Amino acid sequence: MDNKNQHPSSLHEKDGISPPEIISSKAVEQIQLLRKKQRTTQELINGVLAGNISDLSRAVTLIESTNANHLAKANEVLNACLPHANKSVRIGITGVPGVGKSTFIEAFGKHLTGLGKKVAVLAVDPSSTISHGSILGDKTRMEELIKDPNAYIRPSSSGETLGGVARKTRETIMLCEAAGFDTILIETVGVGQSETAVHSMVDFFLLLKISGAGDELQGIKRGIMEMVDAIVINKCDGDNIKKSKLAKTEFERALHLFPAKKSGWIPTTSTCSSITLEGIPEIWQTIEQFIEITKGNTYFFEKRAAQNQYWLLETINEQLKTNFYNNPEIQKVLESTKKAVQNDEISPFAAAQFVLENYFKNLK
C-alpha cells in the first residue's frame, strides 16, 4: 500500500520537525505497543471488577462502539459485571446550559469523596448536528475532581440520542458500579424538554436552576417539574443571594400545583453556591432522606425493576434500528428511494412503506 494513503499515528511528527527533548522515545514506543495490544474479554472483566480505571475506560469504549464485531465481546463483559452492579445511588443532574452543572458537580463530587464515597461522573456533551463532533470538555472543567483518586469522570457524546444522555449511558452505569463506584452522577446536556431518558435510569432526579433571565417562569414546565425530586437554585452567592432566595420561593409554590408522587416523596427546593460551597452538604442529606424513604416503602426497588423493563424494550428498538440500517440490501433500496422522494416521484410515507416491505421480505 502507498504510504501516502496511510493515516499517520497520533504520535507522528511532521518530516523535518524533531520532537521536543522532553518527549522520551522509549515512552513513545511503550505507548504505541500498549495501543496495539488488545485486552482479552476476561482481562477486561477482571480489570473492571478489580477497580482498574484503565480497564474500566476500555470497557466503556467497547460498549460504546458501533462496530458489529464488538457487540458479542461487549455483551460478555456486561453479563459478567451484572452480578456486581446495582449497588450504587444513581443521581441525574440537569439544567439549562450556563446553569453551572459542571461546577456544581465538581463541588458536590468533592463533598462526596470527602465523605468516603467513590464517585463516577458520566458527563454527556452535546453533539453537533452538522459535524456530529463533540468537545468532551468536562474533564477540563472539573480540574480538582479529576485528580481525586476516588472519582472517575467519563465524558461521552450525546450523538443523535434524545433526552440528553449518551446512547450507552445505561450500560456505563453498570460497569462503574461493578468497578466499585457507589455514587453515580449523570450530567445531561440540558436539553430542557426531553429528559425522559435520564429520568428512566436514575434513582434521584435533580434540576439545577439559576435566578434571573426569566428562568423562574421558563423552568415551570409541567413535564420536567413532574419528574424532579429536588430543585436547586445554583449560584446563590454575592449579589445574587436575594434573587436566588426569591426564585426558591417561586419554585416552592409551583411544586404545590402538581399531584403527589407515587414514591411518597415531596420534592424539595434549596439554594447553593458551587463557589462558597454553601448548601452543598444539605443537598446530599436530602438525597439520603429520599433513599431512606423510598427504600422503606419499596418504591426504590420497584422503580429499578420498571427501569430494567424499559431498557429491555429500548435495547430491542435500538438493535432493530441498527440491523435495519446496516442491512446491505436495505442500504441499496433506501438510496434509490431517497432520490425518488427528493424528485417528488413518491411520497415519503409510501416510500417508507416500500422500504419496510423490502426489509420484511428479506427476513423470510
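The values are calculated or read from the model by the stated rules, or taken from the named source; none is laboratory data. Keep in mind that this is a model prediction, so the values were computed, not measured. Reconstructed Cβ throughout: ideal geometry from the backbone, glycine too, with neighbour counts over all protein chains shown.
What's the total number of residues in the stretch 62-92 that are surrounded by fewer than 16 Cβ atoms within 10 Å (Cβ to Cβ) and among the hydroxyl-bearing types (Ser, Thr, Tyr)?
2
Considering the stretch 85-103 alone, what residues qualify as being modelled with pLDDT under 95 and either more than 30 Å from residue 276 (Cβ to Cβ) or not polar (S, T, N, Q) (or both)?
Selection gives 85, 86, 87, 92, 93, 95, 96, 97, 98, 99, 100, 101.
Under 8 Å by Cβ, and 6 or more places apart or on different chains, what pairs join a residue from the stretch 88-109 that is assigned by TED's automatic domain parsing to the domain that holds residue 224 and over 28 Å from residue 304 (Cβ atoms) with one that is among the polar types (S, T, N, Q) and outside any loop (DSSP other than H, G, I, E, B)?
96/218
Only residues that are farther than 15 Å from residue 318 by Cβ and over 21 Å from the mean Cα position of the chain (by Cα): list them for the stretch 50-72, please.
50, 69, 72
Among the candidates 334, 313, 320, 363, which residue alone is surrounded by 14 or more Cβ atoms within 10 Å (Cβ to Cβ), among the aliphatic types (A, V, I, L, M) and over 30 Å from residue 234 (Cβ atoms)?
Criteria check complete, one pass: 334.
If a residue must be of a type in the set (Lys, Arg) and within 30 Å of residue 199 (Cβ to Cβ), how many such residues does the stretch 314-364 contain? Break it down stepwise before answering.
Our first condition is that a residue be of a type in the set (Lys, Arg); within the stretch 314-364, this holds for 321, 332, 338-339, 361, 364.
Applying the additional criterion that residues be within 30 Å of residue 199 (Cβ to Cβ) yields 321.
Qualifying residue count, the stretch 314-364: 1.
Is it the case, given these coordinates, that residue 306 is in a loop (DSSP other than H, G, I, E, B), aliphatic (A, V, I, L, M) and within 18 Å of residue 203 (Cα to Cα)?
Considered against the rule, which asks whether it is in a loop (DSSP other than H, G, I, E, B), aliphatic (A, V, I, L, M) and within 18 Å of residue 203 (Cα to Cα), residue 306 comes out as no.
Is there any pair with a first residue in the stretch 228-251 that is over 21 Å from residue 105 (Cβ atoms) and a second that is outside any helix (DSSP H, G or I) whose Cβ atoms are under 7 Å apart and which are 6 or more apart or on different chains, and what are they?
What qualifies is 243/211; 243/212; 245/271; 246/211.
Would you mind telling me which numbered condition in (1) modelled with pLDDT under 90; (2) more than 22 Å from residue 187 (Cβ to Cβ) residue 301 fails?
(1)
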